[in-house]
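The structure appears right after this line, and notes come after that.
Bear in mind these aren't lab numbers, they're just calculated from the coordinates by the rules spelled out. Values in this document were obtained by computation on a predicted structure and should not be read as measured data. All Cβ positions, glycine included, derive from the backbone under ideal geometry; neighbour counts span all protein chains shown.
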Amino acid sequence: MAQLSIIIHPDPRLKKVSNPIVEITDRIRQLSFDMLETMYQASGVGLAAPQVGITERLVVMDCSNEGEKKDVILINPKIVWSSEDEASFEEGCLSIPDIRENITRPKSVIVKFTGLDNEHREEVFEDLWAICIQHEIDHLDGKLFIDYLGPMKRSLITRKMKKLKKELSRKL
Ligand code: NI
């Protein structure tokens, strides 16, 4: 398994709408495992393919409690139902390091997706899992959690990230 480098906002690759995956090839399998490895290394709970520069509809997640491990790989995930009940959660993103903001989203969702085994599934996601899958599917549609914030807050965060990227490139 290999660790992949995570793209930091702002970057045009994070704004693209990703393409559906038509066939689950060895490349997709390898990419899924590499993305999981990358996510665990970064202590994240979710990662979407565009965050590693691949514009394909693939998401990996693990929102289980510390000590447990329950990784989920979702190919072409699609929300088919959202609850009216909403929950507010302090979200972060591996592409927007060290920023956390409260975002309100439906508390539970039903998601249709394909597994690595090519099985079509439909599962209920609740609480943190529901927040996470909505956040990750947004990535597949070129949307970031800061897009839910007001323009002032959003541009402040974008400025901070530009500064961070400059500092990181100096270190290399
Ligand atoms: Ni994210």
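Worth pointing out:
- The Cα center of region 51-87 and the Cα center of region 109-146 differ in position by 4 Å.
- Inter-label distance, residue 167 to residue 155: 2.3 nm, where each label sits 7 Å from its Cα along the C-beta direction.
- Radius 15 Å from Cβ of residue 23, net charge of other residues (Lys, Arg +1; Asp, Glu -1): -1
- Cα-centre dipole for region 12-171 with unit charges at Cβ (Lys and Arg positive, Asp and Glu negative), debye to 20: 1320 debye
- By the beta-carbon count within 10 Å of each Cβ, the least crowded to most crowded order of 1, 35, 161, 152, fewest first, is 152, 1, 161, 35.
- Applying a DSSP loop filter and a limit of 16 other Cβ atoms within 10 Å to the chymotrypsin sites (Phe, Trp or Tyr not before Pro) in region 115-172 leaves nothing.
- When trypsin sites (Lys or Arg not before Pro) are flagged only if DSSP places them in a loop and at most 11 other Cβ atoms lie within 10 Å, the longest unflagged stretch of the chain comes out as 71-172.
- Put a plus charge on the Cβ of each Lys and Arg, a minus charge on the Cβ of each Asp and Glu, and nothing anywhere else: the dipole of region 75-143 about its Cα centre is then about 200 debye.
- For the chain, averaging the sequence separation of C-alpha pairs within contact (under 8 Å, six or more residues apart) and dividing by the residue count gives a relative contact order of 24 percent.
- Positive-end extreme of charge dipole, region 12-171 - chosen from 72, 146, 87 (charges on Cβ): 146
- Contour excess over end-to-end distance, with Cα ends at residue 84 and residue 37 and 0.36 nm allotted per residue: 13.5 nm
- Derived scalar couplings ³J(HN,Hα) [region 106-119; Karplus, 6.51 cos²θ - 1.76 cosθ + 1.60; whole Hz; x for Gly, Pro]: x, 6, 9, 9, 10, 10, 9, 7, 10, x, 4, 7, 6, 7
- The GluC sites (Glu not before Pro) of region 83-129 that DSSP puts in a loop, and whose beta carbon has at most 11 other beta carbons within 10 Å, are 84, 119.
- Isotropic mean projected area of the C-alpha convex hull, region 12-171 (nm²): 10.0 nm²
- Environment charge at residue 124 (Cβ cut-off 12 Å; Lys +1, Arg +1, Asp -1, Glu -1): -1
- Top of 102, 76, 65 by mean-square fluctuation, Gaussian network on the chain, Cα under 10 Å: 65
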